[in-house]
Every structure is written in C-alpha cells, then in structure tokens.
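Here's the structure, in structure tokens; my notes come after.
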Amino acid sequence: MRKYSLYFIASILCFTVISCSSDTEVPSIGSDPEAPVEMMEENLPDAPDFSLESLSGQNISLADFKDKTLVIFFFGHNCPPCISAGPKLESDLNQEFNSKDDFAMIGIDVWNGNVSQVEVFKNKSTATYALGLKGSDVVKSFGSARDRLVVVNKEGKIAFNGKSVARNDLSEVKDILNTLLD
C-alpha cells in the first residue's frame, strides 16, 4: 500500500511541474549579463495584445502602456504563494519604481475569479496597482503561468518572462527595470 502512495505522490508532483511550466522559451534581457541590451532587444518577441476589465471596472489593455516599461504579475486570486508574494512585489517593484513616468505595473487574475474574489486578493496581497479580471487567455498568450512576473519593454517586447515563482524572480526583474527605465 505504501509503495502505491509514493507512486501517486510522485505522479502528482510530476504533473504539477509539467503543468506549471511553459513550452515557450522567451529570451530575456537578463539571460546574458555580458550582452549589451541593445543587441538583445532586437531578438525579443512582441508582447501579445490584450484587453481586460479591471477590478475598478475600467478597461486595461497593452496599448494603455505604450512607451512604458510594464511589469505584469500573473496571479491566481486564491493562490497562497501569490498572496504571500504580494507585499514584497508591492514594496520592491510597484512602490520602488512607480515614481518613474515610464513605469507601470498590473496584476492579472489567471483563475478567472469574480470581482469579490479578486478584491479579497487585493486586500490580502496589499496590491495598489490595477488588477485585471478573467485573464486565463492572456496568460496563455504570453506562454506564462500563475505566480509569474513578465516585463514588457517600452517597445512592446517581452524583455522577461519568468520561469519561476514571482518571489524567486524579483531580484532579476529589479535589475532589468534598472536597465530599462530612464
């Protein structure tokens, strides 16, 4: 009986790793610290366009952030690691960089929660940036997953597409922002 339990647990772990990873490899500005940013930017993929209703009832789209460096936090409204990462993302990204005119940050709920569910996430995570609703199609178009950070540069190119949980990529994202922002 114990042997089957271990196989079951191992199968679940493998499924979780596979389902949370992305098949899409996206180059990142931070992937080669020796290469000049200008050389790498020409090889970056375009960020897919999106349009979502925000928690405040406004429409948010990629076009709203033209000429800005945009950080997107893909979260699940009831995801414990997403909620616990919230205060650190708020302080180390949003609060640290929001005084720059060419910076913006948004969160997108990839679990398609309703307004009240995302409102609970906002309160628990201390997010003060705009939160988009019903973003499961958006996260797929970016080749990303929940609890991930994505950075879109001023030219609308994906400069960073996190492959680890947001908390683990925070330092790299900060380095990229320091490179990209005026």
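For the range 24-180, what relative contact order do you get, as a whole percent, if you take Cα pairs closer than 8 Å and at least 6 residues apart?
On the way: 293 pairs, mean separation 49.9, N = 157.
Relative contact order here is 32 percent.
Among HIS77, SER61, ASN153, whose Cα sits farthest toward the positive end of the charge dipole of the range 30-182 (+1 at Cβ of Lys/Arg, -1 at Cβ of Asp/Glu, about the Cα centre)?
So the residue furthest toward the plus end is HIS77.
Which length gain, in nm to one decimal place, applies between SER56 and LYS100 when the Cα-Cα distance is subtracted from 0.36 nm times their residue separation? Provide the component values of the computation, followed by the final result.
Working: separation 44, 0.36 × 44 = 15.84 nm, distance 2.29 nm.
Gain in length upon complete extension: 13.6 nm.
Expressed as a whole number of Å, what is the distance separating the alpha-carbon centroids of the range 109-178 and the range 66-103?
Here the two parts' Cα centres lie 7 Å apart.
Given bins 5 angstrom wide, list per bin the percent of all Cα-Cα distances in the range 38-182, short to long.
Cα pair-distance distribution for the range 38-182, in percent: 2, 11, 22, 25, 23, 13, 4, 1, 0.
Can you list residues whose amide H is under 5 Å from MET105's amide H, if they're 5+ apart or on another chain and H is modeled 1.01 Å from N?
VAL71
Tell me which residues come under 5 Å, amide H to amide H, from ALA47 once H is placed; ignore anything under 5 positions away on its chain.
Counting only residues 5 or more places away or on other chains, the set is LYS157, ILE158.
Computed from the coordinates by the stated procedures, all read-outs in this text should not be read as laboratory data. Treat the numbers as computed from the prediction; the structure is a model and nothing was measured. FYI the Cβ positions are ideal-geometry reconstructions off the backbone, even for glycines, and counts take in every protein chain you see.
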